[in-house]
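Asker: Take this structure first; my questions come after.
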Amino acid sequence: MSLDTTIRNVQSALGTTVDGNPGPATWAAIHTKILGKKPASSAGLDAIIRAVQKKLGVFVDGSPGPATWAAIHLAVTAKKAPDVPKPSDQSAGIGSGKTADSRSEGNIVTLHPRVQPFARALIERAAGQGIIIKATSGTRSFAEQDKLYAKGRTIPPIGAKHTVTGAKGGFSNHNFGIAFDITIFTGSSDPEKAKTPVYESPLYKVIGSIGTGLGLDWGGNWKSRVDEPHFQLRPAWAADMEEPAMLTELRKRKDIGKDPFA
Ligand SMILES: [Zn+2]
């Protein structure tokens, strides 16, 4: 991704050379603006950048990325950065991208390409904590969703306890490639051999916090119907939307062939 416009805007606002390539002069001006004083003459570039990051409350690593530049842009120009994407639906740097176990991969490939690395990263990070999870559900067509909805309603056995979903076709996030469900498995430390599903476990909350840390929505945080196995990647445009409004827009986009993340 390009930060070029963001950096040039900052340089322009500070009156330094506008070249999109921030050096000591730009960083000294940023430091002066944000900390209210010039950097010490003995301070190296790394120390200056870290001091700026610390003051802005972003991750202090001396290596300014999109989050640092977004914060600088806002502080210097009082406007949101133009070419810094919201972090919510971007997957850069969240995992190694290596493929998961075969069952998970079978479901992951049904997801929108933007969502796939999030599912793999969740599985990888859970494994890093010694928890084997698999993606056990991915994308469903409207017809498949309708069939699930019919279970317990028109498909016997009939009865509330036999229903499996409250969503008809087009009314589940699973119908648009943005959602997947996971299940914890035990029985082996090798994910291919771990075949015993665990449906109730406090470890789902651990997975939930890993997922939200990656930027995923977690069904365990839902108020009306808690759904701990459920994760979804919320498109940036839906950041402040309630679920029904987001689904309405997703259906509209599907009708006209517009990408859910465009
Ligand atoms: Zn789900």
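Asker: In region 121-170, which residues are among the polar types (S, T, N, Q) and either at pLDDT 95 or above or not assigned by TED's automatic domain parsing to the domain that holds residue 200 (or both)? Before the answer, list the steps.
Answerer: Going through region 121-170, the residues among the polar types (S, T, N, Q) turn out to be 129, 136-137, 139, 141, 145, 154, 163, 165.
Correct list: 136, 137, 139, 141, 145, 154, 163, 165.
Asker: Identify the residue in region 142-179 that is more than 20 Å from residue 220 (Cα to Cα) and polar (S, T, N, Q) and, among all such residues, is nearest to the chain's Cα centre (by Cα).
Answerer: Taking the candidates together, the pick is 145.
Asker: Take residue 29 and decide whether it is surrounded by 12 or more Cβ atoms within 10 Å (Cβ to Cβ), more than 32 Å from the chain's Cα centre (by Cα) and among the small types (Gly, Ala, Ser). Walk me through it before giving the result.
Answerer: Details: surrounded by 12 or more Cβ atoms within 10 Å (Cβ to Cβ): yes; more than 32 Å from the chain's Cα centre (by Cα): yes; among the small types (Gly, Ala, Ser): yes.
Yes: the conditions hold for residue 29.
Asker: Please name all residue pairs, on different chains or six or more residues apart, with Cβ atoms under 8 Å, provided the first residue is in region 174-186 and is under 14 Å from residue 129 (Cβ atoms) and the second residue is near the ligand (Cβ under 9 Å from one of its atoms).
Answerer: Matching pairs, first to second residue: 182/229; 182/231.
Asker: Here's a check for you: in region 185-195, which residue that is crowded, with 17+ Cβ neighbours inside 10 Å and of a type outside the set (Gly, Ala, Ser) is nearest to the ligand (Cβ to nearest atom)? Before you say what the answer is, go through the steps one by one.
Answerer: Keep residues of region 185-195 that are crowded, with 17+ Cβ neighbours inside 10 Å, which gives 185, 191, 194.
Narrowing the set further to residues that are of a type outside the set (Gly, Ala, Ser) leaves 185, 191.
Values: 185: 17, 191: 20 Å.
Top of the filtered list is 185.
Asker: Given 182, 210, which one is more than 15 Å from the ligand (Cβ to nearest atom), surrounded by 17 or more Cβ atoms within 10 Å (Cβ to Cβ) and either under 15 Å from residue 123 (Cα atoms) or under 20 Å from the mean Cα position of the chain (by Cα) (or both)? Talk me through it step by step, then tell me what you get.
Answerer: Working: 182 fails: more than 15 Å from the ligand (Cβ to nearest atom).
Matching residue, one of 182, 210: 210.
Asker: How many residues does region 39-85 hold that are under 14 Å from residue 26 (Cα atoms) and of a type in the set (Asp, Glu)?
Answerer: Of the residues in region 39-85, 1 are under 14 Å from residue 26 (Cα atoms) and of a type in the set (Asp, Glu).
Asker: In region 81-103, is there at least one residue being aliphatic (A, V, I, L, M) and assigned to a helix (DSSP H, G or I)? Lay out the reasoning, then the answer.
Answerer: Restricting attention to region 81-103, the residues satisfying the condition of being aliphatic (A, V, I, L, M) are 81, 84, 92, 94, 100.
Checking the rest, the ones that are also assigned to a helix (DSSP H, G or I) come to none.
Scanning region 81-103, I find no residue that is aliphatic (A, V, I, L, M) and assigned to a helix (DSSP H, G or I), so the answer is no.
Asker: Same structure, new question: Can residue 142 be described as buried (at least 20 other Cβ atoms within 10 Å of the Cβ) and not acidic (Asp, Glu)? If you could, list the steps in order and put the result at the bottom.
Answerer: Working: buried (at least 20 other Cβ atoms within 10 Å of the Cβ): no; not acidic (Asp, Glu): yes.
No.
Asker: Are there any pairs, at least 6 apart or on different chains, whose C-beta atoms fall under 7 Å, with the first in region 210-223 and over 19 Å from residue 242 (Cβ atoms) and the second within 13 Å of the ligand (Cβ to nearest atom) and not hydroxyl-bearing (Ser, Thr, Tyr), and if so, which?
Answerer: Note: pairs meeting the criteria are 211/218; 211/231.
Asker: Would you confirm whether any residue within region 130-137 is small (Gly, Ala, Ser), within 15 Å of the ligand (Cβ to nearest atom) and touching a His at 6+ places or on another chain (Cβ under 8 Å)?
Answerer: The first filter runs over region 130-137 and keeps only residues small (Gly, Ala, Ser), leaving 130, 135, 137.
Filter again for within 15 Å of the ligand (Cβ to nearest atom), leaving 135, 137.
Then drop every residue that is not touching a His at 6+ places or on another chain (Cβ under 8 Å), which leaves 137.
Yes, the conditions are met somewhere in region 130-137.
Asker: In addition: Hey, any hits in region 160-171 for a residue that's within 27 Å of residue 125 (Cβ to Cβ), free of Cβ contacts under 8 Å to residues at least 24 places away in the same chain and more than 16 Å from the ligand (Cβ to nearest atom)? Give the derivation first.
Answerer: Initial filter on region 160-171 (within 27 Å of residue 125 (Cβ to Cβ)): none.
No, that holds for no residue.
Asker: While we're here: If the Cβ limit is 8 Å and pairs must be 6+ apart or interchain, which residue in region 108-127 that is more than 16 Å from residue 229 (Cβ to Cβ) pairs with which residue that is basic (Lys, Arg)?
Answerer: What qualifies is 120/98; 124/98.
One line per residue, one yes/no per condition, for (1) within 16 Å of the ligand (Cβ to nearest atom); (2) under 26 Å from residue 101 (Cα atoms):
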| site | (1), (2) |
| --- | --- |
| 197 | yes, yes |
| 200 | no, yes |
| 218 | yes, yes |
| 228 | yes, yes |
| 236 | no, no |
| 247 | yes, no |
| 250 | yes, no |
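Asker: Considering each of 257, 213 in turn, give the residue that is out of contact with any Ser or Thr (no Cβ under 9 Å at 6 or more places or on another chain) and on the phi > 0 side of the Ramachandran plot.
Answerer: Values: 213 fails: on the phi > 0 side of the Ramachandran plot.
Unique residue meeting the criteria: 257.
The values are calculated or read from the model by the stated rules, or taken from the named source; none is laboratory data. No experiment lies behind these values; they were computed from the predicted model shown. Here the Cβ is made from the backbone with ideal geometry for all residues, glycine too, and neighbour counts use every protein chain on show.
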